[in-house]
């Protein structure tokens, strides 16, 4: 039995606010503790595990998940190399997201739920799909928010080691490695990012939630919890196969795609599959931050279909 430790998000906090847990993770990628936000009624089994996008953290999705926590218990982890988790991020020789996959499997096994919903955004969605394919009996449904699923020929090409060098020189990897990672204060970071780049259109409270666990205190100020090197490694390590995982996992799947700049390739539902794909109108890749209602409706609809 895995040991868990937990504490309230803040002293005297509202019961609706998430609790902080740490879950020990032991696997071939290196051991440590995964930080988890525990939303909803703590007396019931975990209904859903939700994983964040690359470079972000679980707290970024607090505004999205809090309304759902009135009905469901949700565990939202900080993935390896992100937020408050201290699992060691190993970039040397890394080629895929199997580390995130295996961490999520360990987290699922740490819950008291025989079967739960598994979901996530971007890398969190893809890693959830990879995990569900490995432990399908523990996952009764998948919610994937613009998961990174390249077209099949691209996925096949990513299996070739020679392509690693090409991806490592891509513009997104280069720009990520140049990203500013140290600030004097959180307010300085907020002012620097508000309304700009990836944060364009974000409500102020969502940006502040991201900064709460996205920046760590240092002797000289604050620094990014997810280092540019690790974020870039996630972009360049693409030799996993979400198409194979989608074939292996036969349970219900709901995919929400961004209308603009989606990273999810064309997926055609096949006969006998409970797979539904919808587009979030007006939403970009980060629509969970800007269009949370579309996500919440899909969650409640899927839970209603499956029966609690």
From the list 13, 3, which one is closer than 28 Å to residue 98 by Cβ, at pLDDT below 95 and either in contact with a strand residue (DSSP E or B) (Cβ under 6 Å, 6 or more places away or on another chain) or in a loop (DSSP other than H, G, I, E, B) (or both)?
3
Restricting region 70-99 to residues that are without any contact (Cβ under 8 Å) to a residue 60 or more places away in the chain and buried (at least 22 other Cβ atoms within 10 Å of the Cβ), the one farthest from residue 164 (Cα to Cα) turns out to be 74
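Can you find, within region 166-188, the residue that is farthest from residue 86 (Cα to Cα) among those that are assigned to a loop (DSSP other than H, G, I, E, B) and touching a helix residue (DSSP H, G or I) at 6+ places or on another chain (Cβ under 6 Å)? Give the derivation first.
The first filter runs over region 166-188 and keeps only residues assigned to a loop (DSSP other than H, G, I, E, B), leaving 169-170, 178-181, 184-185.
Going one step further and asking which of them are touching a helix residue (DSSP H, G or I) at 6+ places or on another chain (Cβ under 6 Å), we end up with 179, 181.
Numbers: 179: 22, 181: 18 Å.
Residue satisfying both the conditions and the ranking: 179.
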Count of residues meeting criterion [within 13 Å of residue 140 (Cβ to Cβ) and either part of a helix (DSSP H, G or I) or modelled with pLDDT under 95 (or both)] in region 94-112:
1
Restricting attention to region 223-240, does a residue exist that is more than 17 Å from the chain's Cα centre (by Cα) and under 25 Å from residue 306 (Cβ atoms)?
no
Residue 278: surrounded by fewer than 15 Cβ atoms within 10 Å (Cβ to Cβ), more than 25 Å from residue 210 (Cα to Cα) and within 20 Å of the chain's Cα centre (by Cα), yes or no?
yes
State all residues of region 53-62 that are in contact with a strand residue (DSSP E or B) (Cβ under 7 Å, 6 or more places away or on another chain) and over 13 Å from residue 295 (Cβ atoms); if no residue qualifies, say none.
58, 59
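The values are calculated or read from the model by the stated rules, or taken from the named source; none is laboratory data. Here the structure is a predicted model, which is why all the values come from computation and not from measurement. Quick reminder, even Gly has a Cβ in these numbers, built from the backbone with ideal geometry, and neighbours come from all protein chains shown.
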